[in-house]
Amino acid sequence: MNSISKLITKLKPLITGLWHKNPALVQLLGLCPLLGISNSCVNALGLGIATTFVLVLSNMLVSTFRTFVDDTIRIPVFVMLIASLTTSIELLMQAYVYELYQTLGIFIPLIVTNCIILGRAEAFAAKNSVLKSAIDGLSMGLGFAVVLVLIGIFRELIGQGTVFNNMELLFGSSAINWKIVISIDYPKFLFFVLPPGAFITLGLLIALKNIIDQRKKISMQQAVEPERIRIIME
Amino acid sequence: MWKNIFIQDKLHSSTKLSVQQIMFFVLLAAVPGIITQFICFGWGAFLQLVWCMLLAVAFEAFILKLRNYKYTDYLPDNSALVTGMLLGVAIPPLAPWWFGLVGVGFAIVFGKHIYGGIGKNIFNPAMLGYALLLVSFPKQAATWLPASSTLLPQPSLTEAWGIFWGYAAVSADSFAHATPLDIIKNNNALTLNELWKSSQILDGIGGKGWVLVNISYAIGGLFLLYKKIIKWQAPLGMLLAIVIMAFFGWQGNNTSSAASPMFYLFDGATMLGAFFIITDPTSGATSNLGRLIFGIGVGILVYVIRVFGGYPDAVAFATLLMNITAPLLDYYTSPRAYGHKKADKGLPRTKS
């Protein structure tokens, strides 16, 4: 029992990034790649994994170096750390998933400028231990990636009428027949292929999250409210 | 009369018309245009109109239910019907059923109620829906018909019905024809005189049928002006701007020339836009001078997009672009109460 409750307290920071402080839905950070690349599931997943990877490692590195770096020059040092990590993931993607690398294009090097990464380095990793920073990076990265993939699936479904198209770019040739086609003569809904569709999808997701939060709050209030006790004098 | 541009009306309105009556008169004023459109483009145009108006009321009822309003509060105000009507006449006659569904749904749900419902939308809902359709489905948005006076084949009622629901043996492509604006836009080899002769759907002034449709909408618009439901500033500004811009672009009879001012005045959705769309009280400017500038802006944009832009007709995009500027126009043009500062220093900040 004790070990489970310990585990839960350890996992709590994970939930923060996924729900309460979700970088995409609550902090609204990193919107440029979020809106630019979420036009299909495979693109979204590729960028989500890359960003999470950079975020975890950069948080760990920044946290390691935090005691050696003077406060006045911390930003250039952090940026250099993040940039070298981004370059290495760019090279890794060129080596293993070259076609996906080509589709994502400029958005891979642009991970450097993703404000989630520098934001977490400043706000969390520069003040906390390596392990805590790694968990924070993982939770923020996953929160970003999950939203990215959700928008990707929605936009691919509405825009192109397919889901999981081109997944072989990421998972190898066995994923070729993962593609689900809704209808053969589905007319392309170009609005959702283009960036404005991403804005609307993100808005709908934020609205959905707010509704769930509101419902939860109301139900919690009702649970806390004490029942009336009627004392009947006889 | 010219003083009217600068002198604002009394703030207390002297008309006693309710929203319901205003919207009813707008619908009534559109009737001549709708009838002419039916005569020129056949059953397809009528089907789209009825379908869009039905859908608009259905979506309005649905969203009112979601927002916990009573139907009786907002549904009888006819504003949804007007949105549906504007989309219905804008949608090409041979578009499939889902075309109107997507457009009206987007217009009512995203264009109107996301912003808070009637009176609170910053964009003209109908034009938002139409712009979405134009951007999303370029193929279906181009299924216009040649007017009946060209004697080119037009679908019968059953064919139009079949095309609408998608089960017809004939496809929409077998009837669809480029609109006059398309033809002018894609022309780069013929001089204007050669072009008038080469095309079956053009006559001397504009497209066959289209001139009549535009005149009918203008008549409806004059009725609205007479009833004092719309003001003359915005329509006049728009039409004047189109004429002046077209004079600059009209180089007589060479191949690179844009068409004559008459052509741009009586083709596409010019008159519908001038009298029914940019006079929308919610999304347009509200001061008299503001209305004039708003209209001029729409007119300039309409001409620029028609001649240089990627889309043949431009009223929707021009209106949406100018809708963004409406608050700024109001800010600089609305008259101040005596003793208040002029707008160049801004309204006094209210302490919150």
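Worth pointing out:
- GNM top mover of B:T179, B:T191, B:T325 - chain B, alpha-carbon springs below 10 Å: B:T191
- Cα extents for the protein assembly as shown along the principal axes, largest to smallest and rounded to whole angstrom: 84, 76, 62.
- Across peptide B:136-146, the average count of Cβ atoms from other chains found within 10 Å of a residue's Cβ is 2.
- Here is the list for segment B:88-153: trypsin sites (Lys or Arg not before Pro) lying in DSSP coil, each with at most 14 other C-beta atoms within 10 angstrom of its C-beta, are B:K120, B:K139.
- Tensor-based shape of segment B:18-178 (alpha-carbon gyration tensor, a/c under 1.5 rounded, otherwise prolate or oblate): prolate
- For chain A, the relative contact order comes to 30 percent (Cα pairs under 8 Å, sequence separation of at least 6).
- Fully extending the segment from A:T87 to A:K10, taken as 0.36 nm per residue of separation minus the present Cα-Cα distance, adds 24.6 nm.
- Approximating the spin labels as points 7 Å out from Cα along Cα→Cβ, the A:S3-to-B:D203 distance works out to 9.1 nm.
- Under 17 Å of direct C-alpha separation, and excluding same-chain neighbours fewer than eight residues apart, B:K227 reaches these aspartates and glutamates: B:D9, B:D280.
- Long pairs among A:K6/A:K216; A:K188/B:K112; B:K185/B:K208; B:K112/B:K185, criterion Cα-Cα beyond 21 Å: A:K6/A:K216; A:K188/B:K112; B:K112/B:K185
- Hydrodynamic estimate: the Kirkwood radius of segment B:116-199 over Cα pairs, inserted into Stokes-Einstein at 10 °C and 1.306 mPa s, corresponds to D of 101 µm²/s.
- Sparse packing (at most 14 other Cβ atoms within 10 Å of the Cβ) combined with a DSSP loop state is found for the following chymotrypsin sites (Phe, Trp or Tyr not before Pro) in segment B:165-195: B:Y167.
- Gaussian network model of chain B, Cα within-10 Å springs - most flexible of B:A259, B:A241, B:A189: B:A189
- Across segment A:62-158, the mean sequence separation of Cα contacts (distance under 8 Å, 6 or more residues apart), normalised by length, yields a relative contact order of 38 percent.
- Result for chain B in a Gaussian network model with C-alpha springs under 10 Å: among B:N78, B:N214, B:N188, the largest mean-square fluctuation is at B:N188.
- Cα pair distances in chain B, grouped into 20 Å bins until the bin that holds the longest one, percent each: 29, 57, 13, 1
- Cβ-to-Cβ counts within 10 Å put B:M85, A:M80 in ascending order as A:M80, B:M85, the fewest first.
- Shape parameters for chain A, alpha-carbon atoms, Rg then Dmax in Å: 21.4, 85
- Calculated [θ] (222 nm, deg cm²/dmol) that DSSP helices of n ≥ 4 give over the protein assembly as shown, each run adding -39,500 (n - 2.57): -18500 deg cm²/dmol
- Distance-filtered residues of segment B:269-302 - backbone nitrogen under 14 Å, label point 7 angstrom along B:L240 Cα→Cβ: B:288-300
- Around the amide H of B:G207, modelled in the peptide plane, lies no amide H under 5 Å away from a residue 5 or more places distant or on another chain.
- Rounded to whole numbers, the Karplus 3J(HN,Hα) couplings from phi for segment A:192-197 are 7, 7, 7, x, x, x Hz, using 6.51 cos²θ - 1.76 cosθ + 1.60 with θ = phi - 60°, and x at Gly and Pro.
No value in this document is a laboratory result; all are computed from the given coordinates. These numbers come from a predicted model, not from an experiment. Glycine also receives a Cβ, built like all others from the backbone with ideal geometry; neighbour counts cover every protein chain displayed.
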